[in-house]
1. Would you list the strands (runs of 3 or more DSSP E) that sit entirely within the range 162-245 and hold 1 or more residues that are over 19 Å from the mean Cα position of the chain (by Cα) and within 17 Å of G141 (Cβ to Cβ)?
2. So, in the range 1-46, exactly how many residues are more than 13 Å from the chain's Cα centre (by Cα), open to solvent by less than 10 Å² (accessible area, probe 1.4 Å) and closer than 22 Å to G239 by Cβ?
3. State all residues of the range 165-213 that are touching a Phe, Trp or Tyr at 6+ places or on another chain (Cβ under 6 Å) and not hydrophobic (A, V, I, L, M, F, W, C); if no residue qualifies, say none.
4. Quick check: is even one residue across the range 48-68 within 15 Å of the chain's Cα centre (by Cα) and open to solvent by 50 Å² or more (accessible area, probe 1.4 Å)?
5. Taking the residues in the range 130-161 that are among the small types (G, A, S) and part of a helix (DSSP H, G or I) as candidates, determine which candidate is least open to solvent (accessible area, probe 1.4 Å).
6. Take the range 98-129 and flag every residue that is open to solvent by 20 Å² or more (accessible area, probe 1.4 Å) and either basic (K, R) or without any contact (Cβ under 8 Å) to a residue 12 or more places away in the chain (or both).
7. Going by the structure shown, is D182 closer than 26 Å to G10 by Cβ, charged (D, E, K, R) and open to solvent by 50 Å² or more (accessible area, probe 1.4 Å)?
8. Restricting to the range 194-222, count the residues that are crowded, with 20+ Cβ neighbours inside 10 Å and without any contact (Cβ under 8 Å) to a residue 40 or more places away in the chain.
Amino acid sequence: MSIDFNADLGEEAPFDAELMPLISSANIACGFHAGGPATMARTLDLAIAHGVAIGAHPSFDDRANFGRTPMALSPADVTDLVLYQCGALKAMAEARGARLHHVKPHGALYNQAAKDPALAACIAAAVKTLDPGLKLYGLAGSHSLREAEKAGLTAVSEVFADRRYLADGSLQPRSQSGAVLDHDDQVQAQVLAMVQQGQVQALGGQWVALKAQTLCLHGDNLHALALAKRLRGCLDALGVQIGAP
């Protein structure tokens, strides 16, 4: 078995330097929900030093709400939004002799695209315009992946270590109690079910099939570092190969 282990970083959480050696790909905030040029530069340098694949983590322009406010934008606005943010990180990576590996939208942009094929298509088109060799990370079973494949991109199916799922395969909204798993045993059990069995137990108890190609742990989770160490140790002990797609 093999899987990518990714984390959302550059969001000014305290664990980026400690998390970086434990993961295989990093989704770096591009300034619209968190971060900025200096934070992007520091996070890029960490990723390069540890041989971690570099991903852009664009969001809606919503720093006040950490990119978690749903928005309705025109296709042109979505294209510009994604190109602007990802292009900035791509340029900063290339200035360091590195390359951008993937794009993973953040927050409301990610969740809306998972359910909205038109929005997902806009994101995929923007990524392809920037670089058709980029991979696009999206929620397992979602429109994000289908539209990426239609655009000719490599789509990477993402699952979440620390988020609760609903019966339709979507993530439970953060506005609802229990949306973020905060018990280490619970997180580990969910990860093992997704990686080893290709399924997750949803909120109502149903088992939902999903394809796990990359596993995300949120870097802003208060338990992020302890969880990352535990999960990496568990996966290593099982012989699961960790590497970017």
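1. It comes to 199-201, 207-209.
2. 1
3. Q199, Q201
4. Yes, that holds for at least one residue.
5. Here the residue is A148.
6. R99, K115, K128
7. Against the criterion (closer than 26 Å to G10 by Cβ, charged (D, E, K, R) and open to solvent by 50 Å² or more (accessible area, probe 1.4 Å)), D182 qualifies.
8. Adding up the residues that qualify gives 1.
The values are calculated or read from the model by the stated rules, or taken from the named source; none is laboratory data. What you see is a predicted model; the values in this text were computed from it and never measured. Every residue, glycine among them, receives a Cβ derived from its backbone with ideal geometry; neighbour counts consider all protein chains shown. We work out accessible area using only protein heavy atoms, side chains counted, and drop any ligands, DNA or RNA first. Shrake-Rupley method; radii C 1.70, N 1.55, O 1.52, S 1.80 Å.
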